[in-house]
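Please read the structure below before turning to the comments.
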Amino acid sequence: MSPNLAAFLYLTSGILFILALRGLSSPETSRQGNLFGISGMLIAIIVTFLVAESFSKEFIYVLIFLSAGGIIGSVIAYKIPMTAMPQLVAGFHSLVGFAAVLVAISAFLEPNVFNLGTVGNIKTASLIEMSLGASIGAITFSGSVIAFLKLQGIMSGSPIIFRGQHILNGLIGISIVVSIVYLCISQLPHLFWILILISFLVGFLLIIPIGGADMPVVISMLNSYSGWAAAGIGFTLENTALIITGALVGSSGAILSYIMCKGMNRSFFNVILGGFGATDDTAKNIEKKPVKSGNAEDAAFLMKNASSVIIVPGYGMAVAQAQHVLREMVDFLKKNGIKVSYAIHPVAGRMPGHMNVLLAEANVSYDEVFELDDINNDFANTDVAFVIGANDVTNPAAKTDPQSPIYGMPVLDVEKCKSVLFVKRSLSPGYAGIDNELFYRDNTLMLFADAKKMTEDIVKNLN
Amino acid sequence: MEIDPFIFRLSIFILSIFIGYYVVWSVTPSLHTPLMSVTNAISSVIIVGAIIASLAGESNSNFEISNIIGFFAILLAAINIFGGFLVTQRMLQMYKKKKKK
């Protein structure tokens, strides 16, 4: 195949990827968008085979590894529960990162294959591009592995901080730049290996100080990195499809990080520097205030007599896998003519859009699910707010108490409802380590139980 | 003086960042999770580099080191491509509007 035709086809696959993302602007067009993405990928792979024109022993092995990966990937995609989506995405990011490192290594070892010069005499521009690709890829890999371990619960979600952390990270960051510069001057292979090693270390050090509830930002950020790594490799390979995709994914991840940071009213650097949610002074004498607590029967009674209910789901619902029984409860309410809608805070859950996926899984129609800005005014005209597994995103202190660590964060105005039902296992503070004054309000009824168990009991009582 | 082809690639890159910026802002927030899984799948187009590395060299000689690295990279990227697109498809199937009674 002529290189010109190939370049044109790579461009086509890049355009199909743009259309894949464009499709996600509404659920109706999204499925078609995904098909565009799949065709783009197919074109890119077939064109690469046709350009290489090498259908020998290696080709057989390529097909074997391709199908092996395909089978593993498909099994994972069908087996994975929707609640585990954040760690799945983190795990997938680590694979992209590692693949980028591997491609960069093979380009460094055999530059002639990629038309980049000869060993020890690689074009400077290519060397910079592959170093950047390898370095960002390595950071993506080790960072995503840590994120995966934290999300999967293998590693504690609480931030790991030590003295001199930022200075250490700064020094390592500088050493990455220095080694890239020296690599370009000297072409010493050792520097390339050192570069990759310290990049792995950076990814690790960057993510350990970041706490569990900041994971939406971390995952989005790693998403962005995997894009920039792909773009770096795209420049090395002079491949348009890879450059376009890298730019798309890079900006997509960056925008998601921005949206997540805004949802928490924190700057990106504040999140990255980490340590938020570390229990430094939570021992602030928590006064014993009276709390009204109730049982499933009370909750069922309140909701049955309401005319409108808003459900506020959070990460606790995902942990308890309560989305299905929640839908059952809502079905009962709707049968009794009660208006029910769902309110989703941008940072509810452990990744962007996490709650929406879980509700979709439980067959909740997406036109009943609303974003913060669209529903926040409705709380004042609503009888009951049913908060299940959420906490900090409802805390009125974010609006009233300038001393609070979450002051200024956009929150759902659940306290404006006539009554608030709060499903929670205990009175323990949320992730931010702060008390929620909502617990002690007169119109709040605490339901102390596991989210799933409590919702099941409410369903029984509604019958 | 001729323009370095690098500049053309850089232009494509910068324009794509702009396209990405506007396209991603138009994605509805409820589809942010599928957005992440699909961007993950498409970034595995890096498999192109892995294939080139795998097919390099004389075919009758033994595998070179870049072939072996390439095979491994293909495996990783293929997991991502299949896993990413299929899990996205699985999620998108669930986003349904129920018919009003």
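Residues considered: A:N270, A:N265, A:N285, A:N305. Of these, the only one that is at pLDDT below 90 and under 27 Å from A:V384 (Cβ atoms) is A:N305. The number of residues in region A:32-48 being facing another protein chain (nearest Cβ under 7 Å) and surrounded by fewer than 17 Cβ atoms within 10 Å (Cβ to Cβ) comes to 0. The residue of region A:339-360 that is farthest from the other protein chains (Cβ to nearest Cβ), among those that are open to solvent by 10 Å² or more (accessible area, probe 1.4 Å) and among the β-branched types (V, I, T), is A:V340.
Cβ separations smaller than 7 Å between residues 6+ apart or across chains give the following pairs from region A:98-114 residues that are more than 7 Å from chain B (Cβ to nearest Cβ) and without any contact (Cβ under 8 Å) to a residue 60 or more places away in the chain to residues that are among the aliphatic types (A, V, I, L, M) and open to solvent by less than 10 Å² (accessible area, probe 1.4 Å): A:P111/A:I122. Across region A:321-372, the number of residues qualifying as in contact (Cβ under 8 Å) with a residue 24 or more places away in the chain and not in a loop (DSSP other than H, G, I, E, B) comes to 28. With the requirement that a residue be modelled with pLDDT of 85 or more and more than 7 Å from chain A (Cβ to nearest Cβ), what does region B:42-75 give you? B:I68, the sole residue that qualifies. Of the residues examined, A:I71 is not one that is aliphatic (A, V, I, L, M), at pLDDT 90 or above, open to solvent by 30 Å² or more (accessible area, probe 1.4 Å) and over 28 Å from the mean Cα position of the chain (by Cα).
Taken over region B:22-41, the criterion of being without any contact (Cβ under 8 Å) to a residue 24 or more places away in the chain and facing chain A (nearest Cβ under 7 Å) is satisfied by B:V23, B:V24, B:W25, B:S26, B:V27, B:T28, B:P29, B:H32, B:L35, B:M36, B:T39.
One line per residue, one yes/no per condition, for (1) under 16 Å from the mean Cα position of the chain (by Cα); (2) buried (at least 24 other Cβ atoms within 10 Å of the Cβ); (3) under 24 Å from A:L205 (Cα atoms):
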| site | (1), (2), (3) |
| --- | --- |
| A:I76 | no, no, no |
| A:A104 | no, yes, yes |
| A:A107 | no, yes, no |
| A:E110 | no, no, no |
| A:F141 | yes, yes, yes |
| A:L151 | yes, yes, yes |
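A single entry from A:F386, A:F379 fulfils the requirement of being surrounded by fewer than 24 Cβ atoms within 10 Å (Cβ to Cβ), touching a strand residue (DSSP E or B) at 6+ places or on another chain (Cβ under 9 Å) and more than 14 Å from chain B (Cβ to nearest Cβ): A:F379. Here region B:9-21 is the region considered, the condition is being facing chain A (nearest Cβ under 7 Å) and aliphatic (A, V, I, L, M), and the residue that is nearest to A:I38 (Cα to Cα) is B:I19. Scanning region B:59-97 for residues that are of a type in the set (G, A, S) and touching a Leu at 6+ places or on another chain (Cβ under 6 Å) yields B:S66, B:A73, B:A78. Has region A:121-129 got at least one residue that is more than 20 Å from A:S226 (Cα to Cα), surrounded by fewer than 20 Cβ atoms within 10 Å (Cβ to Cβ) and either within 10 Å of another protein chain (Cβ to nearest Cβ) or touching a Gly at 6+ places or on another chain (Cβ under 9 Å) (or both)? So far as region A:121-129 goes, yes, one or more of its residues are more than 20 Å from A:S226 (Cα to Cα), surrounded by fewer than 20 Cβ atoms within 10 Å (Cβ to Cβ) and either within 10 Å of another protein chain (Cβ to nearest Cβ) or touching a Gly at 6+ places or on another chain (Cβ under 9 Å) (or both). Taking region A:10-27 as the region of interest, how many residues are over 12 Å from A:T240 (Cβ atoms) and either more than 8 Å from chain B (Cβ to nearest Cβ) or small (G, A, S) (or both)? Selection size over region A:10-27: 6. Looking across region A:58-89, just one residue is within 7 Å of another protein chain (Cβ to nearest Cβ) and in a loop (DSSP other than H, G, I, E, B), and that is A:I80.
The values are calculated or read from the model by the stated rules, or taken from the named source; none is laboratory data. What you see is a predicted model; the values in this text were computed from it and never measured. When we count neighbours, we look across all protein chains shown, and the Cβ atoms used for this are built from the backbone with ideal geometry, even at glycine. The area values use the complete protein model at the heavy-atom level, side chains included, leaving out ligands, DNA and RNA. Shrake-Rupley method; radii C 1.70, N 1.55, O 1.52, S 1.80 Å.
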